[in-house]
Amino acid sequence: MQSRTNAGRRARTTVMVALLVAALWGGIALTKGAAQADHAATDGPVGHLSRAVEIIRG
């Protein structure tokens, strides 16, 4: 019964590490995109946001 508990704990730990790495990677990508934001750029998440702001401002 102990091996199941350890396997479950390992699986949860692996999932948590994967989620943490994915969140960190996403945060770094967004930070890099925001730091290199160009008002003429229309690709990437920052470009889409700036385009949406331009449309709203009219």
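The values are calculated or read from the model by the stated rules, or taken from the named source; none is laboratory data. Quick caveat, the model's predicted, so the values are computed rather than measured. Glycine also receives a Cβ, built like all others from the backbone with ideal geometry; neighbour counts cover every protein chain displayed. Surface areas here come from the heavy atoms of the whole protein model, side chains and all, with no ligands, DNA or RNA. Shrake-Rupley method; radii C 1.70, N 1.55, O 1.52, S 1.80 Å.
Structure data summary
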read-out: Counted residues, the range 31-58 - those being hydrophobic (A, V, I, L, M, F, W, C), modelled with pLDDT of 75 or more and open to solvent by 100 Å² or more (accessible area, probe 1.4 Å); value: 2
read-out: Residue check for Ile28: at pLDDT 80 or above and exposed (fewer than 10 other Cβ atoms within 10 Å of the Cβ); value: no
